[in-house]
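**Q** Attaching a single structure in structure tokens format; questions to follow.
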Amino acid sequence: MRLIQAFRAIFALAALSFLLFSYNRGDLHPADKTLLANFTRNEQVFEKLVEMIRTDKRLLRIDQIWTIPTNPQSVGITEARILEYRTLLIRLGLSLALYEFHRPVTIILVAASKDWVRSPPRQGYAYLEMKPNHVVGTLKNYWPKAGKPVTVYQHIKGNWYIFFDFKD
């Protein structure tokens, strides 16, 4: 019991740090090469996270503060499992994981966002079973036409992409 309380305290501190860091960042986003290097360095951890997400299909969203559903135990996901997710998110430098299991499967792992990850611009990783529209050679220097919100993707390997959601 004390171990779980200690983990809760650590994650509360991590969540507070994340919120303060996100608030001060404004709309700054990591460089594509930073995201790509992080993926290369941690590819096995990214794959583990996708495997966990595929196993826990009834958990639709997780970040350092909350989940959907708000009570993950109601869908059979333990507190220890939630702590494992949150540990991986921190290790990978992610603020949020959200996913859909409709065909095709879409798993979005947000690394940076403005407006508390609720809306674009957002940047991060996408695990997609189907090749998306708007795949570009590099996200660097890409900007959409005025007034046209769009998500663009840069292929990494296999089903993995980095993405940027734009909003004018």
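**Q** Grab the other residues whose beta carbon is less than 13 angstrom from that of Arg58, score K and R as +1, D and E as -1, and report the net.
**A** Here the charged neighbours net out to +2.
**Q** Could you pull out every residue, at least 5 positions away or on a different chain, whose amide H is within less than 5 Å of the one on Phe166? Hs are placed 1.01 Å off N in the peptide plane, and Pro or chain starts have none.
**A** It is Val150, Thr151, Val152, by chain and number.
**Q** Among the aspartates and glutamates, which fall within straight-line cross-link reach of Lys33, defined as a Cα-Cα distance under 20 Å, with same-chain neighbours fewer than 8 residues apart omitted?
**A** Qualifying aspartates and glutamates at Cα under 20 Å: Glu43, Glu47, Asp165.
**Q** Please list the non-local residues whose amide H lies under 5 Å from the amide H of Leu60, H modeled 1.01 Å from N, same-chain partners needing a gap of 5 or more.
**A** Excluding prolines and chain starts, which carry no amide H, the hits are Ile68.
Where a number appears in this text, it was derived from the coordinates with a stated rule and is not lab data. Because the structure is a prediction, the values reported are computed rather than measured. With ideal geometry, Cβ positions are generated from the backbone for all residues, glycine too; neighbour counts draw on all protein chains shown.
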